[in-house]
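The values are calculated or read from the model by the stated rules, or taken from the named source; none is laboratory data. The shown structure was predicted, so the numbers you read here are calculated from the model rather than taken from an experiment. So basically every Cβ, Gly included, is an ideal-geometry build from the backbone, and we count neighbours across all protein chains shown. Keep in mind that these areas ignore ligands, DNA and RNA; they rest on the heavy atoms of the full protein, side chains included. Shrake-Rupley method; radii C 1.70, N 1.55, O 1.52, S 1.80 Å.
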Amino acid sequence: MNIIFFGPPAAGKGTQAKILQDKYGLQQLSTGDMLREEIANATPLGAKMKALMDDGQLVPDSVVVEMIAGRIDSSDCAKGAIFDGFPRTQAQAQALDEMLAERGKKIDRVIELIVDFDALSARVEKRAAEEGRSDDNVTTFKKRLDQYKSYSKEVLPYYRDKDLTQSVDGMADIDDVTAQILAIVSPKAV
Ligand code: AMP
């Protein structure tokens with residue numbers, strides 16, 4: 001099965017995706033992680049994307065679509081994938097649908113993590129202060145949050161129209177969020 005985890009930065013998408021990956025053998029595909037890997041490996045693509053990412057802006061659709069296309073046929077995706085941080089535009093969503101349809105697959109569920117934006121900002125500010133990180137982190141975070149507010153308005157309706165979205169309370173404890181997600185996913189995964 002193929003799932004999309006949809007939620008703002010720092011909402012716990014990555015944590016929950018890893019739990020689901022371990023439980024069902026679904027592969028987490030995070031475009032943010034893939035981009036950070038490009039930067040860590042000092043590739044030309046990474047160098048090009050870094051400024052956009054540091055500024056909290058989206059990278060071009062073609063870049064992330066190609067990254068996903070390059071991973072989707074890997075054997076670790078045989079049981080399905082958990083898309084984390086992708087798609088972020090309607091063009092990406094359409095490209096993903098086409099990519100999956102060509103392979104006789106589809107998106108089964110879009111799980112939206114509902115969070116309180118103010119509480120999330122406060123959490124990130126607190127973490128930055130505790131870790132002695134610069135204000136840049138908080139500023140960038142707020143930009144990414146604004147980005148989320150705008151792109152979620154574009155992407156969520158696309159999946160709501162297809163009746164694929166289900167929401168979970170992302171402010172609950174990690175275990176509780178996992179339980180909510182499993183209640184949505186388990187009947188389809190087993
Ligand atoms: P993330 O870790 O998913 O929050 O992604 C970190 C950054 O990578 C984002 O703020 C964007 O600059 C970029 N990025 C990741 N995924 C996408 C995507 N699907 N579309 C455009 N930009 C992305």
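A quick yes/no check of all residues on (1) aliphatic (A, V, I, L, M); (2) at pLDDT below 95:
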site	(1), (2)
Val63	yes, no
Phe83	no, no
Ala101	yes, no
Ala119	yes, yes
Val124	yes, yes
Subset tally (residues that are within 12 Å of Phe6 (Cβ to Cβ) and open to solvent by 60 Å² or more (accessible area, probe 1.4 Å)) for the range 155-179 = 3
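Results for (1) touching a strand residue (DSSP E or B) at 6+ places or on another chain (Cβ under 9 Å); (2) over 26 Å from Asp22 (Cβ atoms), shown as yes or no for each residue.
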position: Ala78; (1), (2): yes, no
position: Ala81; (1), (2): yes, no
position: Pro87; (1), (2): yes, no
position: Asp97; (1), (2): no, yes
position: Ser121; (1), (2): no, yes
position: Arg127; (1), (2): no, no
When only residues in the range 15-51 that are of a type outside the set (A, V, I, L, M) and more than 30 Å from Val185 (Cα to Cα) count, which is surrounded by the most Cβ atoms within 10 Å (Cβ to Cβ)?
-> Glu38
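For (1) in contact with a Cys (Cβ under 8 Å, 6 or more places away or on another chain); (2) open to solvent by less than 20 Å² (accessible area, probe 1.4 Å); (3) charged (D, E, K, R), each residue gets a yes or a no:
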position	(1), (2), (3)
Gly70	no, no, no
Glu102	no, no, yes
Asp116	no, no, yes
Asn137	no, no, no
Tyr151	no, yes, no
Where in the range 23-140 are there helices (runs of 4 or more DSSP H), lying wholly inside it, with at least 1 residues that are more than 14 Å from the ligand (Cβ to nearest atom)?
-> 44-54, 90-102, 117-130
